Amino acid sequence: MEYEDDFDIKLSIGELAYLVALIGGTNLRGIEYSFDHLHESELRQRFESIQQKLENKGFLRVNFDGTVQMDQAVHDVISAVAFCNRVILQKTNESEEQKSYHYYVYGGSTLEMQVEEDQCVLRPLRAIYELQATMIERSGFLQHYDFDEAIDSQDLSIEEIEENISSLCSIHCCHLENEQIVAEREVSFTTSDSMLYQIKVDKEVDGTLTPSLNPVSLQWVVQAINQIL
(Lines give C-alpha, C1' and ligand atoms only; values in the text may rest on other atoms or scores of the structure.)
Protein backbone atom coordinates (compact mmCIF):
# COMPACT_ATOMS: atom_id res chain seq x y z
CA MET A 1 0.00 0.00 0.00
CA GLU A 2 1.23 3.57 -0.74
CA TYR A 3 1.32 6.03 2.14
CA GLU A 4 1.69 9.78 2.35
CA ASP A 5 5.17 10.94 3.36
CA ASP A 6 3.92 12.21 6.73
CA PHE A 7 1.55 9.31 7.43
CA ASP A 8 1.78 8.11 11.01
CA ILE A 9 -0.56 6.89 13.72
CA LYS A 10 -0.37 8.11 17.31
CA LEU A 11 -1.92 5.78 19.86
CA SER A 12 -1.84 4.91 23.51
CA ILE A 13 -0.54 1.40 24.22
CA GLY A 14 -4.07 0.47 25.33
CA GLU A 15 -5.50 1.67 22.01
CA LEU A 16 -2.88 -0.30 20.10
CA ALA A 17 -3.62 -3.47 22.10
CA TYR A 18 -7.35 -3.01 21.43
CA LEU A 19 -6.84 -2.59 17.67
CA VAL A 20 -4.54 -5.63 17.51
CA ALA A 21 -7.18 -7.72 19.32
CA LEU A 22 -9.94 -6.30 17.12
CA ILE A 23 -8.39 -7.78 13.95
CA GLY A 24 -7.64 -11.13 15.59
CA GLY A 25 -4.10 -10.65 16.87
CA THR A 26 -3.18 -12.42 20.10
CA ASN A 27 0.24 -10.88 20.87
CA LEU A 28 1.71 -7.42 21.12
CA ARG A 29 5.28 -8.32 20.27
CA GLY A 30 7.96 -6.26 22.00
CA ILE A 31 5.52 -4.55 24.40
CA GLU A 32 4.30 -5.67 27.78
CA TYR A 33 0.58 -4.91 28.06
CA SER A 34 -2.49 -6.87 29.06
CA PHE A 35 -6.17 -6.43 29.89
CA ASP A 36 -6.15 -9.58 32.03
CA HIS A 37 -6.16 -7.69 35.33
CA LEU A 38 -9.55 -6.10 34.57
CA HIS A 39 -12.87 -7.58 35.66
CA GLU A 40 -15.56 -8.05 33.00
CA SER A 41 -17.38 -4.81 33.85
CA GLU A 42 -14.11 -2.87 33.95
CA LEU A 43 -13.04 -4.42 30.64
CA ARG A 44 -16.32 -3.40 29.00
CA GLN A 45 -15.93 0.17 30.24
CA ARG A 46 -12.31 0.30 29.09
CA PHE A 47 -13.20 -0.94 25.60
CA GLU A 48 -16.05 1.53 25.30
CA SER A 49 -13.73 4.37 26.30
CA ILE A 50 -11.06 3.23 23.82
CA GLN A 51 -13.64 2.84 21.04
CA GLN A 52 -14.85 6.39 21.60
CA LYS A 53 -11.32 7.82 21.49
CA LEU A 54 -10.45 5.90 18.33
CA GLU A 55 -13.70 6.98 16.70
CA ASN A 56 -12.92 10.62 17.56
CA LYS A 57 -9.52 10.19 15.89
CA GLY A 58 -11.20 8.82 12.76
CA PHE A 59 -9.46 5.45 13.02
CA LEU A 60 -12.67 3.42 13.26
CA ARG A 61 -16.44 3.73 13.09
CA VAL A 62 -19.03 2.01 15.28
CA ASN A 63 -22.09 1.16 13.20
CA PHE A 64 -25.71 1.28 14.40
CA ASP A 65 -25.75 -2.51 14.79
CA GLY A 66 -22.72 -2.38 17.10
CA THR A 67 -20.21 -3.67 14.59
CA VAL A 68 -16.89 -1.86 14.31
CA GLN A 69 -15.33 -0.83 11.00
CA MET A 70 -11.64 0.15 10.94
CA ASP A 71 -10.13 2.62 8.51
CA GLN A 72 -8.34 0.58 5.82
CA ALA A 73 -5.00 2.40 6.11
CA VAL A 74 -5.06 1.94 9.88
CA HIS A 75 -6.00 -1.73 9.41
CA ASP A 76 -2.96 -2.27 7.16
CA VAL A 77 -0.61 -0.70 9.72
CA ILE A 78 -2.06 -2.62 12.69
CA SER A 79 -1.85 -5.88 10.71
CA ALA A 80 1.93 -5.49 10.52
CA VAL A 81 2.06 -5.42 14.33
CA ALA A 82 -0.53 -8.17 14.87
CA PHE A 83 0.71 -10.69 12.30
CA CYS A 84 4.38 -9.80 11.79
CA ASN A 85 6.81 -12.52 10.74
CA ARG A 86 9.76 -10.49 12.02
CA VAL A 87 10.00 -8.12 14.98
CA ILE A 88 13.19 -6.17 15.62
CA LEU A 89 14.17 -4.26 18.75
CA GLN A 90 16.94 -1.68 18.44
CA LYS A 91 18.42 -0.11 21.57
CA THR A 92 20.87 2.78 21.42
CA ASN A 93 22.85 4.72 24.00
CA GLU A 94 24.56 7.88 22.88
CA SER A 95 25.72 10.71 25.16
CA GLU A 96 24.03 8.84 28.04
CA GLU A 97 20.67 9.09 26.24
CA GLN A 98 18.99 5.71 25.89
CA LYS A 99 16.43 5.10 23.15
CA SER A 100 14.59 2.06 21.83
CA TYR A 101 12.81 1.42 18.54
CA HIS A 102 10.55 -1.41 17.42
CA TYR A 103 10.26 -2.54 13.80
CA TYR A 104 7.74 -5.00 12.35
CA VAL A 105 7.90 -6.83 9.03
CA TYR A 106 4.79 -8.48 7.64
CA GLY A 107 4.94 -9.74 4.05
CA GLY A 108 5.78 -6.69 1.97
CA SER A 109 4.92 -4.24 4.78
CA THR A 110 7.53 -2.70 7.07
CA LEU A 111 6.66 -0.57 10.06
CA GLU A 112 8.51 1.31 12.78
CA MET A 113 7.13 2.06 16.22
CA GLN A 114 8.54 4.50 18.76
CA VAL A 115 7.34 4.05 22.33
CA GLU A 116 7.48 6.68 25.06
CA GLU A 117 5.87 5.77 28.37
CA ASP A 118 2.28 4.72 27.52
CA GLN A 119 2.19 6.31 24.05
CA CYS A 120 3.44 5.10 20.68
CA VAL A 121 3.83 6.40 17.15
CA LEU A 122 3.52 3.97 14.21
CA ARG A 123 5.02 4.90 10.86
CA PRO A 124 5.13 2.72 7.75
CA LEU A 125 8.48 2.42 5.96
CA ARG A 126 8.50 2.19 2.19
CA ALA A 127 10.69 -0.91 1.88
CA ILE A 128 13.24 -3.04 3.67
CA TYR A 129 16.06 -0.80 2.42
CA GLU A 130 14.51 2.15 4.30
CA LEU A 131 14.43 0.00 7.44
CA GLN A 132 18.14 -0.78 7.02
CA ALA A 133 19.03 2.87 6.43
CA THR A 134 16.92 3.99 9.41
CA MET A 135 18.58 1.49 11.75
CA ILE A 136 22.09 2.47 10.63
CA GLU A 137 21.32 6.17 11.02
CA ARG A 138 19.94 5.63 14.54
CA SER A 139 22.81 3.39 15.63
CA GLY A 140 24.94 6.43 16.42
CA PHE A 141 28.20 5.17 14.94
CA LEU A 142 28.09 7.39 11.85
CA GLN A 143 28.62 10.43 14.07
CA HIS A 144 31.58 8.90 15.92
CA TYR A 145 33.32 6.66 13.39
CA ASP A 146 36.41 8.04 11.65
CA PHE A 147 36.03 7.16 7.97
CA ASP A 148 39.56 8.29 7.05
CA GLU A 149 41.86 7.34 9.89
CA ALA A 150 42.73 3.71 10.62
CA ILE A 151 43.52 3.32 14.32
CA ASP A 152 45.49 0.35 15.62
CA SER A 153 43.57 -0.96 18.61
CA GLN A 154 45.15 -4.38 18.90
CA ASP A 155 47.03 -3.53 22.10
CA LEU A 156 44.15 -1.81 23.89
CA SER A 157 42.49 -3.58 26.79
CA ILE A 158 38.72 -3.77 27.21
CA GLU A 159 39.04 -1.31 30.08
CA GLU A 160 40.89 1.21 27.90
CA ILE A 161 38.30 0.89 25.13
CA GLU A 162 35.40 1.23 27.58
CA GLU A 163 36.83 4.48 28.97
CA ASN A 164 36.18 6.27 25.66
CA ILE A 165 32.93 4.70 24.47
CA SER A 166 30.84 7.25 22.57
CA SER A 167 27.89 5.13 21.39
CA LEU A 168 26.31 1.72 21.95
CA CYS A 169 23.80 -0.13 19.80
CA SER A 170 22.17 -3.55 20.01
CA ILE A 171 19.75 -5.07 17.50
CA HIS A 172 17.67 -8.14 18.31
CA CYS A 173 15.55 -9.81 15.62
CA CYS A 174 12.95 -12.54 16.16
CA HIS A 175 11.65 -14.57 13.23
CA LEU A 176 8.11 -15.87 13.70
CA GLU A 177 5.97 -18.62 12.21
CA ASN A 178 2.38 -19.12 13.34
CA GLU A 179 3.06 -16.58 16.12
CA GLN A 180 5.90 -18.74 17.48
CA ILE A 181 9.55 -17.64 17.59
CA VAL A 182 11.54 -19.96 15.30
CA ALA A 183 14.84 -18.05 15.21
CA GLU A 184 16.56 -15.22 17.05
CA ARG A 185 19.55 -13.18 15.96
CA GLU A 186 21.40 -10.37 17.67
CA VAL A 187 24.29 -8.05 16.97
CA SER A 188 25.80 -5.42 19.25
CA PHE A 189 28.51 -2.88 18.57
CA THR A 190 30.06 0.25 20.01
CA THR A 191 32.32 3.14 19.04
CA SER A 192 35.39 4.19 21.02
CA ASP A 193 38.07 6.64 19.90
CA SER A 194 36.49 6.72 16.42
CA MET A 195 36.81 2.93 16.07
CA LEU A 196 34.00 0.39 15.66
CA TYR A 197 33.89 -2.72 17.84
CA GLN A 198 31.65 -5.76 17.85
CA ILE A 199 30.48 -6.66 21.36
CA LYS A 200 30.55 -10.41 21.98
CA VAL A 201 29.85 -12.48 25.05
CA ASP A 202 31.28 -16.00 25.01
CA LYS A 203 30.18 -18.75 27.39
CA GLU A 204 33.07 -20.70 28.88
CA VAL A 205 33.05 -24.41 29.72
CA ASP A 206 32.40 -23.62 33.39
CA GLY A 207 29.39 -21.48 32.49
CA THR A 208 31.00 -18.09 33.07
CA LEU A 209 30.41 -15.34 30.52
CA THR A 210 33.42 -13.58 29.00
CA PRO A 211 32.87 -10.29 27.14
CA SER A 212 35.10 -9.21 24.28
CA LEU A 213 35.39 -6.20 21.98
CA ASN A 214 36.59 -6.97 18.46
CA PRO A 215 37.50 -4.17 16.02
CA VAL A 216 35.38 -4.28 12.87
CA SER A 217 34.89 -2.20 9.75
CA LEU A 218 31.90 -0.07 8.80
CA GLN A 219 31.17 -2.54 5.99
CA TRP A 220 31.08 -5.40 8.53
CA VAL A 221 28.48 -3.60 10.67
CA VAL A 222 26.27 -2.84 7.66
CA GLN A 223 26.47 -6.48 6.51
CA ALA A 224 25.77 -7.76 10.03
CA ILE A 225 22.62 -5.63 10.27
CA ASN A 226 21.46 -6.82 6.86
CA GLN A 227 22.08 -10.47 7.76
CA ILE A 228 20.00 -10.51 10.93
CA LEU A 229 17.05 -9.07 9.06
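The values are calculated or read from the model by the stated rules, or taken from the named source; none is laboratory data. Because the structure is predicted, anything quoted here is derived from the model rather than measured. All Cβ positions, even for glycine, are placed from backbone atoms using ideal geometry, and neighbour counts span all protein chains on display. Remember, those area values only see protein heavy atoms, side chains included, never the ligands or the DNA or RNA. Shrake-Rupley method; radii C 1.70, N 1.55, O 1.52, S 1.80 Å.
Restricting the search to the stretch 28-78, which residues are without any contact (Cβ under 8 Å) to a residue 12 or more places away in the chain, part of a helix (DSSP H, G or I) and basic (Lys, Arg)?
Listed by number, the list holds a single entry, 44.
Name the single residue that is farthest from residue 192 (Cα to Cα) among those in the stretch 79-96 being in contact with a Leu (Cβ under 6 Å, 6 or more places away or on another chain) and either assigned to a strand (DSSP E or B) or open to solvent by 50 Å² or more (accessible area, probe 1.4 Å) (or both).
If we filter the stretch 79-96 for residues that are in contact with a Leu (Cβ under 6 Å, 6 or more places away or on another chain), which is where we start, we get 80, 85, 93.
This time we only want the ones that are either assigned to a strand (DSSP E or B) or open to solvent by 50 Å² or more (accessible area, probe 1.4 Å) (or both), so: 85, 93.
Values: 85: 35, 93: 13 Å.
Of everything passing the filter in the stretch 79-96, 85 is farthest from residue 192 (Cα to Cα).
Take the stretch 35-62 and flag every residue that is under 21 Å from residue 80 (Cβ atoms) and out of contact with any Asp or Glu (no Cβ under 8 Å at 6 or more places or on another chain). Give the derivation first.
Filtering the stretch 35-62 down to residues under 21 Å from residue 80 (Cβ atoms) leaves 50, 54, 57-60.
Selection gives 57 alone.
Any idea how many residues of the stretch 147-179 are farther than 16 Å from residue 136 by Cα and modelled with pLDDT under 85? Talk me through it step by step, then tell me what you get.
Filtering the stretch 147-179 for residues farther than 16 Å from residue 136 by Cα gives 148-165, 174-179.
Okay, now just the ones that are also modelled with pLDDT under 85, so 148-165, 178-179.
Residues flagged as farther than 16 Å from residue 136 by Cα and modelled with pLDDT under 85 within the stretch 147-179 amount to 20.
Among residues belonging to the stretch 167-206 that are among the acidic types (Asp, Glu) and part of a strand (DSSP E or B), point out the one that is surrounded by the most Cβ atoms within 10 Å (Cβ to Cβ).
Of the residues in the stretch 167-206, the ones among the acidic types (Asp, Glu) are 177, 179, 184, 186, 193, 202, 204, 206.
Checking the rest, the ones that are also part of a strand (DSSP E or B) come to 177, 184, 186, 202.
Numbers: 177: 9, 184: 10, 186: 12, 202: 9.
For the stretch 167-206, the residue satisfying everything is 186.
Using beta carbons and a limit of 7 Å, which pairs, at least six apart or on different chains, have the first residue in the stretch 195-206 and within 19 Å of residue 168 (Cβ to Cβ) and the second one modelled with pLDDT of 85 or more and of a type in the set (Ser, Thr, Tyr)?
That search, which allows pairs on different chains as well, returns 197/190; 199/188; 199/190.
Taking the stretch 109-125 on its own, how many of its residues are within 12 Å of residue 83 (Cα to Cα) and open to solvent by 60 Å² or more (accessible area, probe 1.4 Å)?
Of the residues in the stretch 109-125, 0 are within 12 Å of residue 83 (Cα to Cα) and open to solvent by 60 Å² or more (accessible area, probe 1.4 Å).
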